[in-house]
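To keep things clear, I will list the structure first and then write my remarks on it.
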Amino acid sequence: MTNALFYIIAGIVLGSALLAVTLRNLFHCALFLALAMFGVSGIFLYLGSEFLAAVQVLIYVGAVTILIIFGIMLTRDVMNDHTRVMNNQVFLALITALVIIFMSIAAVNKSSFPLTDHPSAVAALSADTAQAANTRTADVYALGPELIRPERGFAFAFEFVSILLLSALVGAIVVARKDPS
Amino acid sequence: MNSVPVVHFLYLAIILFGIGLFGVLVRKNAISVLMGVELMLNSVNINFLAFAKYWNWSSLTGPVFVVFVITIAAAEAAVALAIVISIYRQWKSTNVDEVRYLKD
């Protein structure tokens with residue numbers, strides 16, 4: 001039952017992602033991108049990260065997609081009905097994407113992942129996750145201190161990302177504003 | 001409790017990455033290229049969380065990296081859309097194969 005749920009969500013994600021990169025109408029592309037992001041947040045929920053699923057919905061569906069829709073509306077009249085939406089490298093791009101997909105899948109199939117290779121490991125894994133679930137999970141109470149705990153070394157990256165976000169905010173305003181001259 | 005094998009999450013992430021790459025390579029509009037980049041970043045996040053779940057759930061390194069990836073993706077989207085709007089204002093076009101001022 002829960003397995004079927006994963007495959008349904010994965011199908012929604014892949015289908016809407018495919019539509020988001022192939023449809024003509026840019027606005028429809030953005031809406032299907034939002035659906036794909038919703039699906040990815042469902043995958044996050046399936047992987048037990050409720051906080052990150054909520055963050056995914058807030059940031060991707062709530063902010064990035066809205067930003068993209070604003071961008072589409074501000075640059076509106078570029079796409080009329082007779083312009084081509086794809087360049088003349090469709091065949092090469094398709095070959096590149098398919099080769100990367102199949103090579104990566106072959107590499108994954110040839111690799112062995114220690115925890116999930118045989119059934120005993122899967123049983124140990126579920127016992128381990130059940131044991132870990134009542135000690136520490138990836139919820140916000142564990143994730144917050146993890147970001148700034150000195151012995152983990154993420155504190156510098158955390159501060160650096162804060163500065164990056166602030167400078168991106170200022171930079172976006174400076175780049176997009178009208179030239180005063 | 002959770003019996004989907006980890007390779008299926010990897011397959012999902014790989015195919016999503018391929019779709020995003022196809023979009024980046026093939027679309028003419030810069031905003032569509034940006035959408036492809038967002039799909040690729042999301043596939044990486046799925047990978048991080050799948051390994052965080054199946055390999056070492058208590059270490060929390062994967063979720064922390066996902067937080068960083070989401071933050072940087074948001075910053076990248078903001079700056080990229082500002083650049084697209086600025087380009088549109090100057091050239092009245094957002095097609096990446098028409099805006100070749102640096103090349104010529």
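Please treat every number below as a calculation from the coordinates, not as lab data. Just so you know, these numbers come straight off a predicted model, no measurement behind them.
Using Cα atoms only, what is the angle between the long axis of helix B:30-54 and the major principal axis of chain B, expressed in degrees (0 to 90) to the nearest 10?
10 degrees
Can you give the extra length, in nm with one decimal, that the chain gains between A:K110 and A:A155 once fully stretched, where that is 0.36 nm per residue apart less the Cα-Cα distance?
Result: 12.6 nm gained on full extension.
Report, in whole Å, the centroid distance computed from the Cα atoms of the stretch B:7-24 and the stretch B:40-104.
15 Å
Could you tell me the distance between the Cα centroids of the stretch A:143-181 and the stretch A:4-47, to the nearest Å?
28 Å
What is the angle, in °, between the Cα long axis of helix B:6-26 and the longest principal axis of the Cα atoms in chain B? Nearest 10 is fine, range 0 to 90.
The helix B:6-26 is inclined about 0 degrees to chain B.
If one takes the longest principal axis of the Cα atoms in chain B, at what angle in degrees, from 0 to 90 and to the nearest 10, does the Cα axis of helix B:61-91 lie?
10 degrees
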